[in-house]
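The values are calculated or read from the model by the stated rules, or taken from the named source; none is laboratory data. A quick note: this is a predicted structure, and the numbers were derived from the prediction, not measured. Positions of Cβ are backbone-derived with ideal geometry, glycine not excepted, and every protein chain shown enters the neighbour counts. Side chains are part of the model used for accessible areas, which takes the heavy atoms of the whole protein and leaves out ligands, DNA and RNA. Shrake-Rupley method; radii C 1.70, N 1.55, O 1.52, S 1.80 Å.
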Amino acid sequence: MNNYLPDNGQFSLPELSYQELGTAISAETISFHHGKHFKAYIDNLNRMLPGSGMEGLGLADIVRKSEGALFNNAGQVLNHAMYFEQFSVTPSPISPEFEQMLARDFGSLEAFEKEFEQKGVSLFGSGWVWLSSDAQGKLVVTQHRNAENPVTMGLCPLLTFDVWEHAYYLDFQNRRADQLAALWQYVDWRVVENRL
Ligand code: MN
């Protein structure tokens, strides 16, 4: 995965290649989620880094080594960087090789998507559902609360859906399951597969 190195000690808000994602994420949600929530985590992280002993480290390394408020903000920057980067309005399809890996570990692409959605829906409160690769190369789906990221468990994170209410409430209100189901058509599998 990309460790997301800072530029001159600072992280900056990545530009998006899209303004909205059709039936899954409105422009209004993007403007708040990317322009306000994600930006606030970046601003907080940049403010906390000087004197932390972690200046110059990549984002994944900061997440592995930090705790408390620094961990919460660094984790949310890493989570949102990977989240927004993995979608496209013209997504690359899944490769036959990666679909075969999902079939090997979940039974089929459809069975993987069902388990991923179910784990997103059943996560109580705020958090993230992730597809990762473990140390043996097996693909796994895990639930993570708040700002957690699978790198803290030694996993290589590949794909994530944000199940904090700020990710879907303007568009879907309480219907978290409906937004998760709507996101698949915008997943850019080339981005996901390149994280392996
Ligand atoms: Mn979010």
> Which members of segment 16-36 meet the condition of being farther than 17 Å from residue 91 by Cα, free of Cβ contacts under 8 Å to residues at least 40 places away in the same chain and surrounded by fewer than 16 Cβ atoms within 10 Å (Cβ to Cβ)?
Replying inline: 27, 31, 35, 36
>> Looking at segment 60-78, I want the residues that are open to solvent by 20 Å² or more (accessible area, probe 1.4 Å) and have a partner that is in a helix (DSSP H, G or I) with Cβ atoms under 7 Å, at least 6 apart or on another chain. Which pairs are those?
In response: 64/151; 64/152; 69/48; 70/48; 71/63
> Restricting attention to segment 37-53, and to residues there that are open to solvent by less than 30 Å² (accessible area, probe 1.4 Å) and without any contact (Cβ under 8 Å) to a residue 40 or more places away in the chain, which single residue is nearest to the chain's Cα centre (by Cα)?
Replying inline: 42
> How many of the residues in segment 79-98 are farther than 15 Å from residue 188 by Cβ and more than 12 Å from the ligand (Cβ to nearest atom)?
Replying inline: 2
>> Between a residue in segment 158-179 that is away from the ligand (no atom under 11 Å from the Cβ) and any residue that is at pLDDT below 95, which pairs come within a Cβ distance under 8 Å, given they are 6 or more apart or on different chains?
In response: 158/1
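To keep it simple, each residue is scored yes or no on (1) in the same structural domain as residue 77 (by TED's automatic domain parsing); (2) within 30 Å of residue 28 (Cβ to Cβ); (3) touching a Pro at 6+ places or on another chain (Cβ under 8 Å).
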{"position": "119", "(1), (2), (3)": "no, yes, no"}
{"position": "123", "(1), (2), (3)": "no, yes, no"}
{"position": "129", "(1), (2), (3)": "no, yes, no"}
{"position": "141", "(1), (2), (3)": "no, yes, no"}
{"position": "144", "(1), (2), (3)": "no, yes, yes"}
{"position": "154", "(1), (2), (3)": "no, no, no"}
{"position": "174", "(1), (2), (3)": "no, yes, no"}
